[in-house]
1. Answer with yes or no whether residue 75 is in contact with a helix residue (DSSP H, G or I) (Cβ under 8 Å, 6 or more places away or on another chain) and at pLDDT below 90.
2. Check whether at least one residue in the range 12-32 is assigned to a helix (DSSP H, G or I), at pLDDT below 85 and surrounded by fewer than 12 Cβ atoms within 10 Å (Cβ to Cβ), and report yes or no.
3. Please tell me if residue 89 is at pLDDT 90 or above and on the phi > 0 side of the Ramachandran plot.
4. Among the residues of the range 53-72, which ones are assigned to a helix (DSSP H, G or I) and either at pLDDT 90 or above or surrounded by 10 or more Cβ atoms within 10 Å (Cβ to Cβ) (or both)?
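The values are calculated or read from the model by the stated rules, or taken from the named source; none is laboratory data. Model, not experiment: these values are computed from the prediction. Virtual Cβ from ideal backbone geometry, glycine too; neighbours counted across all protein chains shown.
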């Protein structure tokens with residue numbers, strides 16, 4: 001994750017709009033922008049994971065919003081999201097400048 005200094009609960013609260021995180025405002029704005037710009041990709045990754053698990057495509061006319069479902073489930077949604085993405089091999093948690 002690009003935010004290594006703060007725990008997932010702190011980042012989660014900041015993204016959800018709760019002002020109980022001790023981070024600076026510029027850091028919180030950066031987290032919110034990071035999440036907002038990647039939420040579409042997160043949704044696609046969760047949908048792909050669901051399709052792989054159920055061995056059938058999701059109904060595009062009644063497409064479930066998996067990311068919103070995770071967020072509505074309560075505290076800990078960011079950790080669950082990260083776990084799903086990393087365990088399915090969709091995201092690299094570390095990227096080096098010399099990697100292709």
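1. On the way: in contact with a helix residue (DSSP H, G or I) (Cβ under 8 Å, 6 or more places away or on another chain): yes; at pLDDT below 90: no.
Against the criterion (in contact with a helix residue (DSSP H, G or I) (Cβ under 8 Å, 6 or more places away or on another chain) and at pLDDT below 90), residue 75 does not qualify.
2. Quick first cut of the range 12-32, residues assigned to a helix (DSSP H, G or I) only: 12-15, 25-32.
Subset that is at pLDDT below 85: none.
Within the range 12-32, none of the residues are assigned to a helix (DSSP H, G or I), at pLDDT below 85 and surrounded by fewer than 12 Cβ atoms within 10 Å (Cβ to Cβ).
3. No.
4. To start, the set of residues in the range 53-72 that are assigned to a helix (DSSP H, G or I) comprises 53-54, 66-72.
Once the filter is applied, which keeps residues that are assigned to a helix (DSSP H, G or I) and either at pLDDT 90 or above or surrounded by 10 or more Cβ atoms within 10 Å (Cβ to Cβ) (or both), the range 53-72 yields 66, 67, 68, 69, 70, 71, 72.
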